[in-house]
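The values are calculated or read from the model by the stated rules, or taken from the named source; none is laboratory data. In this text the structure is predicted, and so the values were computed from the model without any measurement. Because the Cβ atoms are built from the backbone with ideal geometry, glycine has one as well, and the counts that use them run over all protein chains shown.
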Amino acid sequence: MLKLILAVMIITISGISLNQAYSQEIGLSTFQESAQVIIDEKIYQKTTASITLFSSNVQEIIIPIELEQKIREDQWVQAVVLTNENNCVLGVVDQSCIIINIARNPNDAGINAIQDSTRKIADSYIDEINRLFDTNAKFFQVFIHTSDKSNEALETSGIISGTGTISAVYTMPMEDTDSMYGKISSMLLSKQIRESGGFYDLSKKLANEENAKMSFTIIPTESKSNLQLRVSLDNPLDTSNQIERESTEINPLEFFKINELNRSNYFSTGNYPLNSIFQIIILSNESTNVSDVKGNIIPTQNIDGIEIPMEITKKGWVFDPQEGQKIQGKYIFGENISVSEDELKFSLGGNDIQFKETESKESIIVGIIIAIVSLGAAIFYLKGYKK
């Protein structure tokens, strides 16, 4: 990994000296917006449309600096989650939850010791967390997660609900998503983000849907905390229109009931092509492939097992993988501020997609992008579903 980073730095420096314009144009903001669609035929037979607003900057998603530092420096706390998802853990019915995930202490012998130490740590945080969210959640139970199906299929870490994850669960009266999301977003999102539209405006619309649910998550890392505000809408998969071997057209924006998706004006002061991402994941019972893509397809280069786009100033799709029982596509906006439904449409089945030859200058772009990945991956480079 060290050799890769050193090589990346050399490539990046070379890229900057060869083409100063590209290095000046490309930026990466700590605030990121992501729209995602999951078509799940394999595990839960449902579709999920979601909007995630993400930042590692406590001035963009506002939480007390003292609390953020306390959580981040605690070796046992893995995540803090606020959600109105029904049945947030087994046994919780018609209640909203605050979940504090605690790493297992290897010195704890037996289930009683695990439960006692988990609750002791979580109890030391719950009053501050209740004040942050203006809630009054009460202790319910310590829960040890036993299923890892979703994390395995989507190649995620399982830090929220993977097998063996230990959660201290606190419950409170159920609140409808529209009012809960409105309250939490107005409290936590900076005024500038709320007034900049883009995916945030779509998230408010999604929160109005009857079956919508929301969550706010704090995931501490060594040097910062990843803060995520998410609203999602699940619908049963239409069994009369299952993913088939024959060509089936996919219109991703129909899951949000819109025909155009606009970026946030928060990025209007510079060029941040990787900070607004549209992602689709398809989990199929049968092997299929991407075909008949209506919009642009961005040529890629495989770097360390990840398909890296060789041009990010233009809008278009990157599919990785583009065939099999799991299909994943990410759409970047380039220098554009919106994308229409026609540009996002593609089909499953049919002839494989074809890529055009690339120009030599794109190797410079690759160098710069790899540097961004090495120094702190954006949403675009996370394999699978970012919770």
field: Any chance Y272 is out of contact with any strand residue (DSSP E or B) (no Cβ under 8 Å at 6 or more places or on another chain) and crowded, with 19+ Cβ neighbours inside 10 Å
entry: yes
query: If you check L132 against the conditions, is it closer than 30 Å to E209 by Cβ, part of a strand (DSSP E or B) and in contact (Cβ under 8 Å) with a residue 12 or more places away in the chain?
result: no
- prompt: Out of (1) of a type outside the set (S, T, Y); (2) more than 20 Å from the chain's Cα centre (by Cα); (3) assigned to a strand (DSSP E or B), what's the single condition that is false for I282?
  reply: (2)
message: Could you go through segment 243-252 and let me know if any residue there is under 16 Å from the mean Cα position of the chain (by Cα), surrounded by 22 or more Cβ atoms within 10 Å (Cβ to Cβ) and outside the structural domain of Q192 (by TED's automatic domain parsing).
response: no
- request: Tell me, yes or no, whether segment 223-236 has at least one residue that is assigned by TED's automatic domain parsing to the domain that holds E73, outside any strand (DSSP E or B) and at negative phi.
  value: yes
- request: Can you work out which of the residues in segment 172-196 that are touching a Phe, Trp or Tyr at 6+ places or on another chain (Cβ under 8 Å) and not in a helix (DSSP H, G or I) is nearest to T83 (Cα to Cα)?
  value: L189
message: If I go through segment 284-299 residue by residue, how many of them are in contact with an Asp or Glu (Cβ under 8 Å, 6 or more places away or on another chain) and surrounded by fewer than 21 Cβ atoms within 10 Å (Cβ to Cβ)?
response: 11
task: Starting from residues that are within 13 Å of I332 (Cα to Cα) and within 21 Å of the chain's Cα centre (by Cα), keep the ones in segment 300-314 and report whichever is surrounded by the fewest Cβ atoms within 10 Å (Cβ to Cβ).
output: I308
